[in-house]
1. Each label point is 7 Å from the Cα along the Cα-to-Cβ direction; what then is the distance between the points at ARG227 and THR470, in nm?
2. Based on DSSP, what percent of beta bridges with both residues in the chain are antiparallel, to the nearest 5?
3. If you line up the long axis of helix 516-527 against the longest principal axis of the chain, both from Cα atoms, how many degrees apart are they, to the nearest 10?
4. With a cap of 11 neighbouring Cβ atoms within 10 Å, and only residues DSSP puts in a loop, list the trypsin sites (Lys or Arg not before Pro) found in the range 410-463.
5. Please identify every one of the trypsin sites (Lys or Arg not before Pro) in the range 645-675 that sits in a loop by DSSP and has no more than 10 other beta carbons within 10 Å of its own beta carbon.
6. Between THR299 and LYS325, what is the spin-label point distance in nm, taking each point 7 Å from the Cα along the Cα→C-beta axis?
7. Pairing the Cα long axis of helix 2-15 with the longest principal axis of the chain, what angle in degrees results, from 0 to 90 and rounded to the nearest 10?
8. How much length, in nm to one decimal, is gained on full extension between LYS458 and LEU668, taken as 0.36 nm per residue of separation minus their Cα-Cα distance?
Amino acid sequence: MKKIVGKIAGLVRQWEGPQTDDLVLRPGEFGLGKIPARLTPDDTTTMVCGYCSTGCGLNVHLKDGRAINLSADTHYPVNLGMACPKGWEALTPLAAPDRATTPLLRNETTGELEPVDWDRALLLFCERFKEIKRNHGPESVAFLSTGQIVTEEMAFLGALFKFGMGFVHCDSNTRQCMATSAVAYKQSFGFDAPPYSYNDFEESDVLLFIGSNPCIAHPILWQRVLRNRHNPEIIVIDPRATETAMAATQHFAILPKSDLVLLYGLANILIASHWIRRDYIDAHTTGFEDFANFVAQFTPEVVSGLTGISVDRLWRLAQTIGDGKRVSFWWTMGVNQGHESTRTAQAVINLALMTGNMGRPGTGANSITGQCNAMGSRLFANVTGILGGYDFLNTVHRKHVAEQLRIDPAAIPNRNSRSYDQIVDDIEAGKIKGLWVVATNASHSWINQSRFNETLKKLDFLVVQDLYSTTETARRADLVLPAAGWGEKEGTLINSERRIGLVKRVTRAPGQALADFNIFKLIAQYWGCGEMFREWSSPEAVFQILKRVSSGQPCEIDGIKDYRMLDDCGGVQWPCPVSIDAAPPATERRLFEDGRFYHADQRARFLFEAPRPNPEPADVDFPFILLTGRGTSSQWHTQTRTGKSDVLRKLYPENVYVEINPIDAERLGIAPNAPVEIASRRAQIEATAFVTNSVQPGQLFLPMHYPSVNELTFPAFDPYSRQPSYKACAVRLTAKSARL
Ligand code: SF4
């Protein structure tokens with residue numbers, strides 16, 4: 001044992017990377033010593049932003065070889081010289097004083113987290129999880145991961161946990177944002193394949209945003225819309241008068257969760273009016289006749305009653321779509337975070353298919369992703385499918401992946417993982433006793449938060465691997481593993497338009513914090529499966545493995561030679577087969593230009609189902625519907641990073657606020673900026689009243705970034721994607737003074 005520990009200690013030192021004085025990037029270098037051709041001035045290198053799925057290119061300005069500032073990359077095809085406040089401030093959170101700088105172990109006597117060395121932390125990590133596995137089996141330990149680490153780390157984590165450590169159940173916080181889109185595309189197209197490129201924002205003559213507020217959530221993509229020279233119709237379907245709705249040419253303020261009914265009603269009008277492309281439907285789809293018969297019941301009068309949109313306006317909306325030559329349909333969390341979200345996303349896809357708005361510039365049924373690497377998570381995390389978009393239930397797929405990884409096929413589970421909500425259920429039921437949380441703050445972000453945090457108390461062992469020791473989740477951990485962040489390690493991210501971009505190491509992680517990649521490498525050694533991952537020696541080595549594994553899949557990337565090519569090209573979209581080597585990958589590429597989809601018959605599917613009522617409607621006791629969503633462009637999710645920036649903190653209210661319609665405010669005697677209480681059946685919280693017409697009477701809006709908000713939310717889930725329905729639950733509102 002002594003010999004192993006000595007060897008491991010050496011590995012820890014080795015994987016800490018260069019010592020402080022060694023991390024000096026000479027002109028022409030990046031990260032761990034590669035030389036990118038796109039390097040611009042001597043004191044600047046480039047990389048993609050690590051916050052959101054837009055995937056902007058940033059210039060990193062160096063002094064003495066280390067990052068000191070950032071600016072937007074004018075040459076990167078995504079953002080064309082623009083960046084949002086988060087991007088400009090991306091270095092600041094790395095210097096926060098609450099960075100985890102050493103492993104921390106909870107002292108059983110004092111209850112406090114106390115520093116330990118890596119050797120002790122890793123020995124304990126393996127001992128405790130092995131003990132749980134021995135006593136309760138391979139389904140008794142799970143991990144919850146993230147869309148915020150690089151693809152190579154996601155792949156390593158998933159492969160290590162399932163193939164090396166022999167566990168089964170794991171999920172990611174992408175379940176909270178993108179599971180619906182992934183399932184909807186997979187069922188409709190035969191593969192999880194968002195079809196568009198960002199150029200489509202500029203090419204459309206009609207853009208529909210459904211449950212999507214790009215002005216705030218994807219501000220650089222909104223800038224791409226503003227570059228559109230076709231004087232487009234911009235249509236927003238959203239209960240709130242969001243910033244995007246205010247800039248739109250048409251806004252449809254539907255009743256909360258009536259989107260599926262509206263979309264079926266539009267399909268009915270389009271069919272009845274012959275505003276469809278029969279030739280496209282016949283050549284490239286299946287199931288249209290059944291769909292047409294199904295939507296016939298959604299007459300304009302019925303739809304008007306259920307959505308709150310007048311019959312005249314429904315006709316006008318349908319005609320705008322029907323008359324459009326290049327119509328693009330965009331959706332985000334307003335669709336994805338619903339109790340019937342998969343069918344809603346597919347209702348959007350159906351509109352694009354039936355009107356032939358697919359595979360041409362300015363068209364498409366286009367889901368905009370959330371996190372910087374949600375797309376990497378969807379294809380390469382080894383969570384809901386095997387690395388490269390393969391199926392755990394498919395014997396041929398398991399054998400193929402095993403061959404490519406040079407491992408025993410028996411090491412690959414032949415069953416699917418439990419989903420996030422089911423993992424929580426299994427913890428509560430005492431079936432899962434160990435949990436490893438990587439780069440996500442579930443104690444803040446998970447729906448019906450109080451129940452989640454009570455459930456964590458049932459675990460025998462909770463490990464949190466994160467940049468910060470102060471997140472709501474880390475504070476509950478038995479063991480904290482300190483991780484390096486964006487800019488402190490290298491790898492790739494995949495953005496919403498399937499563009500693979502490069503992240504570089506431009507500064508050193510503090511203290512003993514290690515890149516997640518190196519933590520996984522160490523765990524493999526300590527666990528005793530290091531040999532299985534001998535080839536997984538660096539992020540770029542894993543990138544080469546992923547190329548091999550995904551070869552022949554719709555998401556193949558064999559044509560990307562190496563990291564240097566990504567840097568040279570300003571990122572590369574998948575698919576990028578070897579054959580594309582003959583000519584450099586086009587800057588912007590969209591899918592399905594030939595009308596061939598990924599099902600065996602190469603046809604897309606019309607999928608539909610009867611709408612179901614909101615699981616928790618307003619009633620006498622809880623008469624308001626609570627909407628949640630992004631607050632400002634300066635806030636990111638649970639604010640573990642954006643909350644560290646003095647600049648960003650000045651750009652949003654410090655305390656939680658609730659949007660209230662003036663009619664409701666007057667009726668309840670609530671003045672602007674007055675303290676109020678909001679109660680659901682699960683909790684009661686306090687907030688400051690923001691009286692505004694942006695919400696309709698009977699509705700409230702809370703930004704999701706504040707810790708108390710998810711105490712209120714109702715845990716309903718879409719049956720296909722298992723995505724939580726954050727967007728609509730019943731609450732009560734009272735003026736705080738009224739109760740004194
Ligand atoms: S829009 Fe997204 S990717 Fe671009 S700078 Fe802002 S956070 Fe970064």
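The values are calculated or read from the model by the stated rules, or taken from the named source; none is laboratory data. Source: prediction; values computed, not measured. Cβ atoms come from the backbone with ideal geometry, glycine included; neighbour counts cover every protein chain shown. Heavy atoms of the whole protein, side chains included, go into the accessibility calculation; ligands, DNA and RNA do not. Shrake-Rupley method; radii C 1.70, N 1.55, O 1.52, S 1.80 Å.
1. 3.8
2. Working: 42 of 88 bridges.
So the antiparallel bridges in the chain amount to around 50 percent.
3. 50
4. Values: sites: ARG415, ARG418, LYS431, LYS433, ARG451, LYS457, LYS458; in loops: ARG415, ARG418, LYS431, LYS433, LYS457, LYS458.
Sites meeting the loop and neighbour criteria: ARG415, LYS457.
5. Details: sites: ARG649, LYS650, ARG667; in loops: LYS650.
Hits after loop and neighbour filter: LYS650.
6. 3.7
7. Long axis of 2-15 versus the principal axis of the chain: about 50 degrees.
8. On the way: separation 210, 0.36 × 210 = 75.60 nm, distance 4.13 nm.
Full-extension gain reported as 71.5 nm.
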